[in-house]
1. Provide a single number: the residues in region 53-68 that are under 20 Å from V89 (Cα atoms), open to solvent by 20 Å² or more (accessible area, probe 1.4 Å) and of a type in the set (A, V, I, L, M, F, W, C).
2. Scan region 9-46 for residues that are surrounded by fewer than 11 Cβ atoms within 10 Å (Cβ to Cβ) and touching a Leu at 6+ places or on another chain (Cβ under 9 Å) and report the count.
Amino acid sequence: MKVLLLIRNRGKKEIKSIRVADQLYNVKNIPSDYGTLRPTKISRTGDNVTLIWDIPSLIGKEERILSYRVNVGIKNKMMLPRAMVRYRV
């Protein structure tokens, strides 16, 4: 499964110190095959994996796409929780 995260600055002002955190539940393998930007930190707790990206800044109207590939064995329906973003203006 390939996961894409679109990070977009909708405003005109620059935003700084952006941290994107994405959590995966019940994953046997750590994600691989990262796109343009590799995560700065990967933490694993049991079968749960947290990926964290630190982006220094985004100017107005700029966007970035974060992507990764993960192998999952899906028995039932699977829903991914939303990624969390924190930033400073």
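The values are calculated or read from the model by the stated rules, or taken from the named source; none is laboratory data. Bear in mind the structure is a predicted one, so any value in this text is a computation, not a measurement. Glycine also receives a Cβ, built like all others from the backbone with ideal geometry; neighbour counts cover every protein chain displayed. We work out accessible area using only protein heavy atoms, side chains counted, and drop any ligands, DNA or RNA first. Shrake-Rupley method; radii C 1.70, N 1.55, O 1.52, S 1.80 Å.
1. Step one: list which residues in region 53-68 are under 20 Å from V89 (Cα atoms), which gives 53-64.
Then drop every residue that is not open to solvent by 20 Å² or more (accessible area, probe 1.4 Å), which leaves 54, 56-57, 59-64.
Going one step further and asking which of them are of a type in the set (A, V, I, L, M, F, W, C), we end up with 59.
Matching residues across region 53-68 total 1.
2. 1
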